[in-house]
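Structure first, commentary second.
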Amino acid sequence: AVQLTRQPQQVAWPHCCYKGMEREQVVEVAILACGAPRRGMGWYHAKQLLEGRVTGAKLTDIVEPFFLTTGKETQAGQDFARWAAAAEASGVRLHQFVAEVPVPQVPKLAVVCGRTVDNPQLVREAIDHGFSHIFLEKPGAPTVKELEDLDAYAESKGVPVYMGFNRNFSKYILAAKEHLGTVPAGSSLLLVNKNSFDTSEALDECFERNSEGIIKNMMIHELVVLISHFGVSCDTVRDIVIDRNLTCMETRKGFSDMSKIGLSIVVKSGREFKIRLDRQNGEVSEAAVMVNGEEAFRASRPDPEIAKVATEIEEAEPGIMPYFAMQDGEYIVLKQRVVDHMLHGQHGSVPDGVATLAGGIEGLRLADRIATAAAAAARGRNQQL
């Protein structure tokens, strides 16, 4: 199994000591690359922080390098300006660039939510500027090499980097994990995830906005779940088999990717993990335990409680990305774990259940192996992929 708790070399942080933060009992937070209201991951993190839903956290700064500069005249830029004005009125400072943020005088968390290709540089800028902790949205970087380099850099500076793999805290995943532990060793696990890009225009935008592709953008969630909860790693994988009948390759807006994919991962112990992804057909995720080919257990998201909360969020924020509403509680738990750890955790340890760069790196390694298998399957039967 991959070791997810390796910690960076601890060095003296120059701006304060942790005792000062303990006295204040508050963690200052900055959002780096906020994005558009109702559509950007950074915006949703900011919304939850501004609503006071993360105990002990205070949003102090928002960095938005596009909508505060060249994108300000776009419709999304105008929407951002209206929303940001209200945030600014509540005391949040707005900045075009990381360098404009006041140099932290207490331990401070940077939540990095830019495009995957931009995030490694944003993390380096945050570390160099004096942020003591980083929360990096998945997958963190386009390639294994870039994420490994970022890991080495953060370690050299003594700055812990946590990753935004919220599915580690999904109720349906935890329920399936518990049930899998009660059945025979030869049983298998099926993970299903569907998005709601259900119009041609929405799917076009999905391909363009998530140009790293369905494996690194969408499946990375399932892969890190397998790594974090089920002991899967590149070293333990024996076979990867692409199901051509469940896989569809398309080209949209000049971007070629799969709109759906099905595959099986068989580990050396013989256990099989199946993954089924679809960019369309509803915002739903499922985990099923299979015993002797028959379904023995299934858990889903949303459950009735999550569905009720999601409906309330969507009614309050018309046009919001549906997965924000579905995963609202998971985002809260993840940020709360990080903030609680900064306030009360042992310096140098890892918040319980939170993925680090080590898990993200292993996830990208496994994603690369799956991409290679998918490409081989496409060459073998192009009409199906």
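The values are calculated or read from the model by the stated rules, or taken from the named source; none is laboratory data. It should be emphasised that the depicted structure is a prediction, and the values quoted were computed from it without experimental measurement. Here the Cβ is made from the backbone with ideal geometry for all residues, glycine too, and neighbour counts use every protein chain on show. These accessible areas exclude ligands, DNA and RNA; they are computed on the full protein's heavy atoms, side chains included. Shrake-Rupley method; radii C 1.70, N 1.55, O 1.52, S 1.80 Å.
When the test is whether a residue is modelled with pLDDT of 95 or more, charged (D, E, K, R) and touching an Asp or Glu at 6+ places or on another chain (Cβ under 7 Å), Arg365 does not pass it.
Have a look at Ile215, Ile242 and point out the one that is part of a strand (DSSP E or B), out of contact with any Gly (no Cβ under 7 Å at 6 or more places or on another chain), surrounded by 19 or more Cβ atoms within 10 Å (Cβ to Cβ) and β-branched (Val, Ile, Thr).
Ile242
Annotation for region 274-287: no member residue is assigned to a helix (DSSP H, G or I), under 30 Å from Thr182 (Cα atoms) and open to solvent by less than 50 Å² (accessible area, probe 1.4 Å). The numbered conditions (1) modelled with pLDDT of 95 or more; (2) of a type in the set (A, V, I, L, M); (3) over 16 Å from the mean Cα position of the chain (by Cα) are all true for Val112 except (3). Take the conditions (1) closer than 28 Å to Met258 by Cβ; (2) among the polar types (S, T, N, Q); (3) at pLDDT below 95; Gln105 misses just one of them, which is (1).
For first residues located in region 237-253 and closer than 11 Å to Ala378 by Cα, partners that are open to solvent by 90 Å² or more (accessible area, probe 1.4 Å) and of a type in the set (S, T, N, Q) and lie 6+ apart or on another chain with Cβ distances below 9 Å form the pairs Met249/Asn382. Check region 70-89 and report whether any residue there is in a loop (DSSP other than H, G, I, E, B), of a type outside the set (Phe, Trp, Tyr), modelled with pLDDT of 95 or more and open to solvent by less than 20 Å² (accessible area, probe 1.4 Å). Taking every residue of region 70-89 in turn, at least one turns out to be in a loop (DSSP other than H, G, I, E, B), of a type outside the set (Phe, Trp, Tyr), modelled with pLDDT of 95 or more and open to solvent by less than 20 Å² (accessible area, probe 1.4 Å). Checked against (1) in contact with a Pro (Cβ under 9 Å, 6 or more places away or on another chain); (2) part of a helix (DSSP H, G or I); (3) at pLDDT below 95, His341 passes all but a single condition, namely (3). All of Ala325, Ala358, Ala367 fail the test of being open to solvent by less than 40 Å² (accessible area, probe 1.4 Å), more than 23 Å from Asp151 (Cβ to Cβ) and in a helix (DSSP H, G or I), apart from Ala325.
Counting only residues that are without any contact (Cβ under 8 Å) to a residue 60 or more places away in the chain and touching a Gly at 6+ places or on another chain (Cβ under 9 Å), region 131-148 holds 1 of them.
Scan region 327-334 and give yes if some residue there is under 17 Å from Ala176 (Cβ atoms), hydrophobic (A, V, I, L, M, F, W, C) and in contact (Cβ under 8 Å) with a residue 40 or more places away in the chain, otherwise no. Within region 327-334, none of the residues are under 17 Å from Ala176 (Cβ atoms), hydrophobic (A, V, I, L, M, F, W, C) and in contact (Cβ under 8 Å) with a residue 40 or more places away in the chain.
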